[in-house]
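Quick notes on the structure that follows.
The values are calculated or read from the model by the stated rules, or taken from the named source; none is laboratory data. Since the model is a prediction, treat every value here as computed from it, not as a measurement. With ideal geometry, Cβ positions are generated from the backbone for all residues, glycine too; neighbour counts draw on all protein chains shown. Surface accessibility is based on the protein's heavy atoms, side chains included, excluding ligands, DNA and RNA. Shrake-Rupley method; radii C 1.70, N 1.55, O 1.52, S 1.80 Å.
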Amino acid sequence: MNVSGQSQDRAYVALLGLAEHFRTTKNIKKAIQCLEALFAFNPPKKVESRTHLQLGQLLFTYTTNQDLAKTHIEQAWTLSQQIQGFDDIRFDAAHTLSQLYQQQNQSHAAKTILRKAIENSQHNIFWHSKLLFQIARIHANDKEYSLASEFLSIGADCAEENNAPYLKTQFLLNRAMILIIERKSSDVNGILNQAASCLETIQNPHLKEYSRVFQLILQVSNSLQLGHVKSVKEILKQLQRIIQTIINTNWPSDEQIFGQHPTECFLWLTKEQLFVYVYVLTVSQSMISGFLEKTQKYTEKALTQIEKLKAQENKPILAMFQVTLLEHIALCRLIMGNRTSALKEISSAKDICLSLPDKSLLKSHSSQLHCLLGLYGMSVNCYDRAEIQLCTAIQETNNRVLKLFSNLNLAIIFLRTGQEEKLRNVLNHIASDYTQNFTNQALLGSYYWVQGLNSYYKGSFHEAKRFLRESLKMGNAEDLNRLTSCSLVLLSQVFLSIGNSKEAMNMVVPALQLASKIPDINVQLWGSSIQRQLYKMLADINLEREAYIQHQQYSQTLINDQYECVKMPEHNLMDWISNDALVPVNADALVPSTSAFNNYPADN
């Protein structure tokens with residue numbers, strides 16, 4: 001086609017304008033047609049490269065034709081290499097292409113193109129930082145945490161050279177987040193302290209507060225991971241105060257705060273997402289502490305906030321928050337004896353995980369869901385299927401804490417069902433693989449409690465008291481109310497068994513008081529049974545009758561709830577093994593043997 005240069009320019013402008021109009025009005029087909037029409041004019045390399053990128057991004061974002069999108073973006077990347085100073089197109093192409101490769105599970109290709117772009121972008125602080133963050137995220141997703149940390153360290157050094165304290169703080173905080181994921185708690189505080197010093201040099205007060213929220217979130221997360229729920233209270237309160245300020249209507253929008261300077265346009269989460277995240281941490285702290293009614297209240301508020309945000313824009317992170325909250329509240333319901341609600345919440349969490357096309361959420365949360373189903377199975381005395389679910393949870397995670405928690409509950413199942421060999425295997429496994437590296441105080445206390453229960457079952461009452469006093473000490477040290485109440489009620493049972501009614505009463509009374517405060521219906525049921533026996537020994541007919549009535553009420557509540565549970569279609573989730581269909585499996589095929597314990601996936 002022979003068209004004068006001036007006419008060509010007008011044609012380019014007209015087609016680009018039309019394409020943008022159609023894009024903004026969501027007529028993607030016509031936007032693509034306009035961009036494709038540009039090639040008929042044999043445009044110069046710059047226009048051709050930019051058009052390939054725009055086409056590729058439209059196809060990638062709005063269509064399922066990922067191969068064609070990749071072809072266009074690869075052409076944009078190749079052409080941009082031949083044009084001097086064409087940074088935005090070149091590095092945007094690398095950025096988008098790596099995202100596309102990731103979506104097609106071509107992680108190696110994504111890293112390769114990013115490394116080349118990073119090498120060529122050192123003169124451009126914005127793109128260099130953006131690409132460093134992106135490659136670090138990909139390495140972290142692939143569980144290559146050392147490499148992720150290495151790229152973030154390069155970014156922190158680069159930010160320092162460019163006198164960009166906000167950007168340096170972001171790189172440091174992301175490094176701390178990687179260390180938390182790796183559970184390298186001893187190294188986390190050092191990086192967080194560096195970040196805290198760096199953020200004090202940030203001039204913009206809004207960026208400074210945003211960075212402080214990020215830092216406090218990581219500090220709280222690290223403490224909760226260690227089971228330090230008592231010592232983290234004040235930090236959590238500080239975080240709650242700051243987030244209330246940021247979410248206030250007087251606070252500028254994210255658009256106003258970020259993007260004023262190339263080194264200040266990196267946003268970890270929006271302020272609305274941060275608000276939800278603080279709710280999630282509050283729920284987690286309340287859950288571990290054993291304040292279940294408080295946990296329920298904050299969960300309901302957080303879920304309401306998530307629904308509001310999803311109505312505006314349904315971001316994947318909101319689904320992650322939603323599933324995490326549903327897991328917490330389901331565990332609360334199980335402890336409180338409301339298993340019908342727990343089942344519904346577990347089912348909802350599973351449905352959300354399955355609804356995402358890439359199943360990434362299912363991959364990261366299936367082990368938690370199986371663990372919850374295992375706990376539900378234990379609560380309704382379906383021990384065979386509970387065993388299957390807990391074993392599946394162990395197989396599907398590399399998380400040491402979740403593995404340990406699941407193994408401790410397996411030990412309780414084996415105790416209750418008299419499977420002595422399996423019990424011996426699982427306790428030996430815990431002792432050899434975990435006890436030397438216990439970092440979570442709540443789980444260490446739980447381990448002592450299970451050992452105390454095992455000793456009680458064996459009739460080794462002196463040994464049981466020794467273990468239970470250790471678990472009681474752990475519970476009291478960090479205000480772990482449920483661990484404390486469980487330790488007290490089992491100690492009371494031990495003293496009752498050896499005929500020491502005075503000590504048994506001294507233990508069961510505070511156990512019931514604490515269980516009522518939580519509230520934990522299982523400890524209340526157990527404690528009222530012990531009280532009834534103690535009052536019978538003391539020949540106190542009135543108090544014995546009162547304890548009997550209480551015991552009957554708790555028992556009837558659980559019986560009625562269990563009757564409703566087994567009628568629910570969600571009860572069939574006991575046969576679900578992390579896929580769309582409900583597939584019953586053979587329990588024996590999943591029970592770990594002694595040899596299997598030596599072949600678990602490497603811990604992270």
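Do we find that Q244 is out of contact with any Cys (no Cβ under 6 Å at 6 or more places or on another chain), in a helix (DSSP H, G or I), more than 19 Å from L173 (Cα to Cα) and free of Cβ contacts under 8 Å to residues at least 24 places away in the same chain in this structure?
Considered against the rule, which asks whether it is out of contact with any Cys (no Cβ under 6 Å at 6 or more places or on another chain), in a helix (DSSP H, G or I), more than 19 Å from L173 (Cα to Cα) and free of Cβ contacts under 8 Å to residues at least 24 places away in the same chain, Q244 comes out as yes.
Quick one: count up the residues across region 215-251 that are open to solvent by 50 Å² or more (accessible area, probe 1.4 Å), farther than 20 Å from G190 by Cβ and among the small types (G, A, S).
Total meeting the criteria: 0.
Can you name every residue in region 252-266 that is surrounded by 15 or more Cβ atoms within 10 Å (Cβ to Cβ) and part of a loop (DSSP other than H, G, I, E, B)?
F258, C265, F266, listed by residue number.
If I filter region 1-24 down to residues being over 18 Å from L59 (Cβ atoms) and of a type in the set (S, T, Y), which single residue comes out as modelled with the lowest pLDDT?
S4
Can you give me the number of residues within region 138-175 that are more than 20 Å from I217 (Cβ to Cβ) and hydroxyl-bearing (S, T, Y)?
2
Could you tell me which of the residues L373, L369, L427, L410 is assigned to a helix (DSSP H, G or I), in contact with a strand residue (DSSP E or B) (Cβ under 8 Å, 6 or more places away or on another chain) and surrounded by 20 or more Cβ atoms within 10 Å (Cβ to Cβ)?
Exactly one of L373, L369, L427, L410 is assigned to a helix (DSSP H, G or I), in contact with a strand residue (DSSP E or B) (Cβ under 8 Å, 6 or more places away or on another chain) and surrounded by 20 or more Cβ atoms within 10 Å (Cβ to Cβ), namely L373.
Give the number of residues within region 110-149 that are at pLDDT 95 or above and not in a helix (DSSP H, G or I).
Residues that pass the stated criteria total 0.
Pairs only if they're at least six apart or on different chains, beta carbon under 7 angstrom, first in region 499-513 and without any contact (Cβ under 8 Å) to a residue 12 or more places away in the chain and under 24 Å from D479 (Cβ atoms), second of a type outside the set (F, W, Y) and part of a helix (DSSP H, G or I); list them, first residue then second.
Note: no pairs meet the criteria.
This table checks each residue for (1) in contact (Cβ under 8 Å) with a residue 60 or more places away in the chain; (2) under 30 Å from I521 (Cα atoms); (3) of a type in the set (S, T, Y).
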site: S223; (1), (2), (3): no, yes, yes
site: L239; (1), (2), (3): no, no, no
site: N248; (1), (2), (3): no, no, no
site: F258; (1), (2), (3): no, no, no
site: F266; (1), (2), (3): yes, no, no
site: E272; (1), (2), (3): no, no, no
site: V280; (1), (2), (3): no, yes, no
site: K294; (1), (2), (3): no, yes, no
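Inside region 354-363, can you point out the residues that are without any contact (Cβ under 8 Å) to a residue 40 or more places away in the chain and closer than 17 Å to T392 by Cα?
K363
Within region 150-162, can one find any residue that is of a type in the set (V, I, T), open to solvent by less than 50 Å² (accessible area, probe 1.4 Å), assigned to a helix (DSSP H, G or I) and within 22 Å of S211 (Cα to Cα)?
For region 150-162, residues of a type in the set (V, I, T), open to solvent by less than 50 Å² (accessible area, probe 1.4 Å), assigned to a helix (DSSP H, G or I) and within 22 Å of S211 (Cα to Cα): absent.
Has region 124-137 got any residue that is charged (D, E, K, R) and open to solvent by 50 Å² or more (accessible area, probe 1.4 Å)?
Looking through region 124-137, at least one residue is charged (D, E, K, R) and open to solvent by 50 Å² or more (accessible area, probe 1.4 Å).
Could you list, in sequence order, all residues of region 376-394 that are surrounded by fewer than 19 Cβ atoms within 10 Å (Cβ to Cβ) and part of a helix (DSSP H, G or I)?
Once the filter is applied, which keeps residues that are surrounded by fewer than 19 Cβ atoms within 10 Å (Cβ to Cβ) and part of a helix (DSSP H, G or I), region 376-394 yields Y383, D384.
When you scan region 82-89, do you find a residue that is of a type in the set (S, T, N, Q), free of Cβ contacts under 8 Å to residues at least 12 places away in the same chain and either touching a strand residue (DSSP E or B) at 6+ places or on another chain (Cβ under 9 Å) or more than 30 Å from D358 (Cα to Cα) (or both), even just one? It would help to see each step written out before you state the result.
Here is the first cut: in region 82-89, the ones of a type in the set (S, T, N, Q) are 82, 84.
Cutting the leftovers down to free of Cβ contacts under 8 Å to residues at least 12 places away in the same chain gives us 84.
Imposing the further condition that a residue be either touching a strand residue (DSSP E or B) at 6+ places or on another chain (Cβ under 9 Å) or more than 30 Å from D358 (Cα to Cα) (or both) reduces the set to 84.
Within region 82-89, one or more residues are of a type in the set (S, T, N, Q), free of Cβ contacts under 8 Å to residues at least 12 places away in the same chain and either touching a strand residue (DSSP E or B) at 6+ places or on another chain (Cβ under 9 Å) or more than 30 Å from D358 (Cα to Cα) (or both).
Can you find even one residue in region 195-204 that is closer than 17 Å to L281 by Cα, outside any helix (DSSP H, G or I) and open to solvent by 40 Å² or more (accessible area, probe 1.4 Å)?
Taking region 195-204 as the starting set, the residues that turn out to be closer than 17 Å to L281 by Cα are none.
No, that holds for no residue.
Which one of the conditions (1) part of a helix (DSSP H, G or I); (2) β-branched (V, I, T); (3) modelled with pLDDT under 95 does V229 fail to meet, given that it meets all the rest?
(1)
Go through region 67-90 and report how many residues are farther than 15 Å from H52 by Cβ and in a helix (DSSP H, G or I).
Final tally of qualifying residues: 1.
Does A110 count as open to solvent by less than 20 Å² (accessible area, probe 1.4 Å) and free of Cβ contacts under 8 Å to residues at least 40 places away in the same chain? Steps first, please.
Working: open to solvent by less than 20 Å² (accessible area, probe 1.4 Å): yes; free of Cβ contacts under 8 Å to residues at least 40 places away in the same chain: yes.
The answer is yes for A110.
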